[in-house]
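In what follows, a single structure is set out as structure tokens and then discussed.
The values are calculated or read from the model by the stated rules, or taken from the named source; none is laboratory data. Source: prediction; values computed, not measured. Here the Cβ positions follow ideal geometry from the backbone for every residue, glycine too, while neighbour counts run over all protein chains shown.
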Amino acid sequence: MKSLLSFFARRYIAGVDKLEAIDVARRLNAQHISATIDNLGENVKNAADAASSVREYTGLLDAIKDSGVDSTVSLKLTHLGLDISTELASGNAGAIIRKASEYGNFVRLDMESSAYTERTLGILRSLRETYPNVGVAIQSCLLRSADDVKKLIESGTSVRLVKGAYKEPPEIAFKDKKDVDANFSFLMKELLMKGVRTAVATHDETLIEEAIKFTKAMNIPSESFEFQMLLGIKRTLQKRLAAEGFKVRVYVPYGPDWLPYILRRLGERKENLFFVLKNIFD
Ligand SMILES: Cc1cc2nc3c(=O)[nH]c(=O)nc-3n(C[C@H](O)[C@H](O)[C@H](O)COP(=O)(O)OP(=O)(O)OC[C@H]3O[C@@H](n4cnc5c(N)ncnc54)[C@H](O)[C@@H]3O)c2cc1C
């Protein structure tokens with residue numbers, strides 16, 4: 001089972017080492033696509049593992065600078081100790097963002113399940129008092145996101161808009177996919193009109209076409225937003241948008257702790273699940 005998942009994972013993961021992620025970023029850059037590199041890992045249980053994650057990220061920032069690739073970094077606060085304490089995760093994130101700031105680079109806080117939303121936004125707010133080079137992801141599946149987006153626009157924070165990859169309780173989230181999509185469309189337009197460096201992060205071609213039509217109709221310059229997609233998904237679309245002159249950034253995950261990320265990708269598409277199940281029984 002592990003080797004089957006590992007075969008499936010190859011499409012979505014750059015490798016286990018940061019230099020493999022740098023190679024993937026370089027290949028994307030050659031196609032006029034930027035990267036954001038993520039060191040896979042989440043829910044660390046002790047401060048030593050969180051410190052090791054900080055070392056990995058500062059090494060990654062060195063590697064990005066030394067190689068000259070066009071890439072930001074993305075990280076999860078539970079990889080930096082959020083399950084242990086807010087202060088620990090905030091201090092660790094601050095150390096990474098400070099290093100990124102020295103290099104003129106940018107850090108995006110991924111958004112994890114709703115158990116972490118409030119604390120992630122709290123840490124973001126306090127980090128932004130010192131560092132402008134940090135933004136966050138917001139999930140259109142959550143009922144609270146319209147309020148969050150409004151506040152993030154007011155504070156000039158860059159938002160990556162996603163649908164949301166975690167199963168959430170019905171009291172706090174839209175139940176139907178069509179409502180998640182409609183909320184994405186609404187928040188996307190708010191952000192495109194009033195936000196800074198908005199990232200429209202979806203593989204949904206209807207929403208991407210809607211973003212293109214909307215920005216043309218409203219005369220929103222293409223430099224003020226970008227499309228983001230995940231490594232291994234809709235590669236032809238990524239290249240087409242880049243060739244049409246849109247800014248495109250691909251999320252490049254790497255590292256040995258790939259299982260939770262791959263299970264989320266599996267759950268997103270029934271064909272992926274069928275692929276794995278079929279090969280188990282073949
Ligand atoms: C750059 C980026 C960063 C992200 N960061 C976060 C984050 O911080 N927090 C968070 O909760 N979520 C994050 N996500 C994941 C996101 O929430 C969705 O789970 C994921 O993008 C799938 O939704 P979709 O918008 O592509 O739309 P969907 O409606 O799910 O998919 C649209 C189409 O895309 C294709 N597709 C989608 N997923 C897959 C897949 N796994 N394999 C193959 N094809 C697929 C299919 O053709 C599908 O029909 C991120 C996504 C991107 C692109």
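If you check every pair at least six apart or on different chains, which have Cβ atoms under 9 Å apart with a residue in segment 100-124 that is farther than 17 Å from residue 139 by Cα and free of Cβ contacts under 8 Å to residues at least 60 places away in the same chain first and a residue that is aromatic (Phe, Trp, Tyr) and assigned to a loop (DSSP other than H, G, I, E, B) second? Within 9 Å, the pairs are 100/106; 100/131; 101/131; 107/131. If you scan segment 173-194, which residues turn out to be over 23 Å from residue 220 (Cβ atoms) and within 14 Å of the ligand (Cβ to nearest atom)? Answer for segment 173-194, where residues must be over 23 Å from residue 220 (Cβ atoms) and within 14 Å of the ligand (Cβ to nearest atom): 173, 174, 176, 177, 178, 179, 180. The C-beta contact set for segment 223-239 (first residue free of Cβ contacts under 8 Å to residues at least 40 places away in the same chain, second residue near the ligand (Cβ under 7 Å from one of its atoms), distance under 6 angstrom, 6+ apart or interchain) comprises 229/203; 234/203. All of (1) more than 16 Å from the ligand (Cβ to nearest atom); (2) of a type in the set (A, V, I, L, M); (3) within 17 Å of the chain's Cα centre (by Cα) hold for residue 243 with one exception: (3).
In segment 234-249, the residue that is surrounded by the most Cβ atoms within 10 Å (Cβ to Cβ) out of those that are among the hydrophobic types (A, V, I, L, M, F, W, C) and in contact with a strand residue (DSSP E or B) (Cβ under 9 Å, 6 or more places away or on another chain) is 248. Scanning segment 5-46 for residues that are among the polar types (S, T, N, Q), more than 18 Å from residue 105 (Cα to Cα) and either part of a loop (DSSP other than H, G, I, E, B) or under 15 Å from the mean Cα position of the chain (by Cα) (or both) turns up 31, 43, 46. From the list 183, 105, the one residue that fits, being modelled with pLDDT of 95 or more and under 25 Å from residue 50 (Cα atoms), is 105. For segment 108-161, the set of residues classified as in a loop (DSSP other than H, G, I, E, B) and basic (Lys, Arg) consists of 144 only. In contact (Cβ under 8 Å) with a residue 12 or more places away in the chain, within 14 Å of the ligand (Cβ to nearest atom) and of a type in the set (D, E, K, R): does that describe residue 197? Yes: the conditions hold for residue 197.
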